[in-house]
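> My questions will all concern the structure given below.
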Amino acid sequence: MTQTTQALRLPFIVFQTQNRMEDDSADDMRCGDLSELQLRKKFRLEKVSGMYDPWRAERTDFPISNYAVIRHKMSHSEVAAKLFNEFRRDSLPFSFLGHRGLFTALIDHFQHGDGKPFSSSELNGAYKRLIERRNEGSSLYKINEALTDILSKNTQFYPQQKKDALYEAVENSFLPNFNRWKDTINGLGMSVHGVYATKITLKSLEVDRGNYKAILHYKGQDHFGLDERDIMDPRFHHLNIFRIWFVLQRWQKYAYKPFLTNMEATITLTGSKK
């Protein structure tokens, strides 16, 4: 090994998104910042639930025997608890196939976790399986291509001077996100959808007789919260689940705290030099 050709120093951060980890300044991490007037007028959230009215702190009953509407006064904390129950119930169409327990755990954490970060082995497992699919154009596919290409020209180690090739490979790839069609019904799309920040680290690299073994660590982080664009999106605005979520998070009287959702996966990548 010469002074001009040195082995890549490990661990090596292959890639980081421009969105940074621990970003609590993002709009979807705000809570308790909007008044009732703003929510009802600017965001058109006059109606939030079919049965519970957070603005009047009332439950509305529609008796079958007549056309009278019966209203029952409640405390704001009682209404919030009922809205959380509706939140869980209304999530069924988005989470009935696969990871419903994960999404309800996130709702529970939203209600009781006081903004603390969330992680789970179930989410980590789903994240790892997503990465390991290695579809053409995915980050893992592109890293494998870059390693194979560079190591075919240097049979003993990965050169420090070629570190940018790994970054460029990932920069032109698809990062792991739960935005597949099936994620709209298995709970992962509601739980995470687009991963806000990603960091990929090459932990170790062994080269032996034309073969290599790389250990990669993926860390992803998302925000369990809604921003103004989310609630005003025509796809979501008229769905009670998003109205309830937004009011629970952003109304000054409730101000339930959004939180960071963490996921990680360690991937073993093997290949042969060309």
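> Quick one: which of K47/K257; K142/K219; K42/K82; K42/K253; K42/K219 span more than 29 angstrom between C-alpha atoms?
In this structure, K42/K219 lie more than 29 Å apart at Cα.
> Next question. Evaluate the relative contact order of the range 1-134 (contact order divided by residue number), counting alpha-carbon pairs under 8 angstrom at least 6 apart; express in whole percent.
Worked out over the range 1-134, it gives 11 percent.
> So, one more: If you plug each phi of the range 190-198 into the Karplus form 6.51 cos²θ - 1.76 cosθ + 1.60 with θ = phi - 60°, what whole-Hz ³J(HN,Hα) values come out, in order, with x for Gly and Pro?
6, 5, 10, 6, x, 6, 5, 9, 9
> Further, regarding this structure: Show me, for the range 123-140, the HN-Hα J-couplings you get by feeding each phi into the Karplus relation (A = 6.51, B = -1.76, C = 1.60, θ = phi - 60°), rounded to Hz, glycine and proline as x.
The phi angles translate into 5, 4, x, 5, 5, 5, 5, 4, 5, 6, 4, 6, 5, 4, x, 6, 4, 5 Hz.
> Also, quick follow-up: Using the Karplus equation 6.51 cos²θ - 1.76 cosθ + 1.60 (θ = phi - 60°), what ³J(HN,Hα) coupling, rounded to whole Hz, does each residue of the range 260-271 give in order, writing x for Gly and Pro?
In residue order, the calculated couplings are 7, 9, 9, 9, 8, 8, 9, 10, 9, 10, 10, x Hz.
> Taking the mean number of other Cβ atoms within 10 Å as a proxy for protection, how do you rank 138-144, 95-101 from highest to lowest?
Highest-to-lowest ranking by the protection proxy: 138-144, 95-101.
> Does the range 16-103 classify as rounded, prolate or oblate by the C-alpha gyration tensor (a ≥ b ≥ c root eigenvalues; a/c under 1.5 gives rounded; else a/b over b/c gives prolate, otherwise oblate)?
oblate
> Output the 0 to 90 degree angle, nearest 10, between the alpha-carbon long axis of helix 76-90 and the longest principal axis computed from the alpha carbons of the chain.
Computed tilt is about 60 degrees.
> Order of 209-215, 185-191 by packing, highest average Cβ count within 10 Å first?
185-191, 209-215
> In addition: Calculate the length of the line joining the C-alpha centroid of the range 47-112 to that of the range 114-148, in whole Å.
Computed from Cα coordinates, the inter-centre distance equals 34 Å.
> Tell me, V207, V195 in order of fewest to most beta-carbon neighbours within 10 Å?
V207, V195
> Which order do the peptides 18-28, 260-270 take when ranked by the mean count of other beta-carbon atoms within 10 Å per residue, highest first?
Highest mean packing first, the order is 260-270, 18-28.
None of the figures in this text is laboratory data; all of them are computed from the coordinates on show. Just so we're clear, the structure is a prediction, and the values are computed from it rather than from any experiment. For neighbour counting, all protein chains shown are included, and Cβ atoms are generated from backbone atoms with ideal geometry for every residue, glycine included.
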